[in-house]
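Worksheet: the structure to be examined is printed underneath.
The values are calculated or read from the model by the stated rules, or taken from the named source; none is laboratory data. Since this is a predicted model, take the numbers as computed values, not measurements. Cβ atoms come from the backbone with ideal geometry, glycine included; neighbour counts cover every protein chain shown.
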């Protein structure tokens, strides 16, 4: 199996492995392929998928899951490749998460994201500084669905590269196209309304726009936020240059 640079990498064993390349940034440049991959659970990939990702260039795997999630399905991704470094950076931890009191998915999910930014911000910083280390790229970071924890990391990276907020929100909500059909029986016909329902329930684009606005209002922007959680100017420059080439 040979993977070509494209938005979604079609590999057996995962549904939502995506490359951050190909997005237009504010300065007229375009984000580079084969630098940063976002993914859902890759804890049990078959050997052919592991080999394909290694051939694609992956050198670092960052597992954003909780310890309890890993205990249920340990991460075997690229385990046979000595050049690949594995890191577990638990974004959420075991603390109670404030989900707010609104039944609306937009407000409930946004409340969860704000909680993570306030109480687990240093873990986002640790993830970004890990990817900024010499020899760390290309990097793949993943959680269970490749949506929330992974979505915030992706938003930070794209924002640092100058990608517009609307595009970042589109990248975030793209998860619906791949996760909505994750549990379909083989041969079943995917329905467009299934994607729409998943998006409305789990990853409406307004959630990401609200979150980026919150970061602007309370931290002065993504760059200021990530610096406040331990990412240096030099490391931001490394990440930005990796994305923009």
Task: Matching entry among 41, 98, 88 (being closer than 21 Å to residue 124 by Cβ and over 18 Å from the mean Cα position of the chain (by Cα)) - done: 98
Open item on the list: Out of 151, 146, I need the residue that is part of a loop (DSSP other than H, G, I, E, B) and surrounded by 18 or more Cβ atoms within 10 Å (Cβ to Cβ). Which one?
Closed with: 146
Task: Candidates 73, 24 - the one that is at pLDDT 95 or above and either buried (at least 19 other Cβ atoms within 10 Å of the Cβ) or over 14 Å from the mean Cα position of the chain (by Cα) (or both) - done: 24
- [ ] Output the residues belonging to region 43-54 that are touching a helix residue (DSSP H, G or I) at 6+ places or on another chain (Cβ under 8 Å) and buried (at least 21 other Cβ atoms within 10 Å of the Cβ).
- [x] 45
Task: Members of region 82-96 found to be part of a loop (DSSP other than H, G, I, E, B), surrounded by fewer than 16 Cβ atoms within 10 Å (Cβ to Cβ) and at pLDDT 75 or above, listed by number - done: 82, 83, 93, 94
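Every residue, every condition in (1) more than 20 Å from residue 212 (Cα to Cα); (2) at pLDDT below 95; (3) part of a loop (DSSP other than H, G, I, E, B), yes or no:
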| residue | (1), (2), (3) |
| --- | --- |
| 100 | no, yes, yes |
| 113 | no, no, no |
| 135 | yes, no, yes |
| 155 | no, no, no |
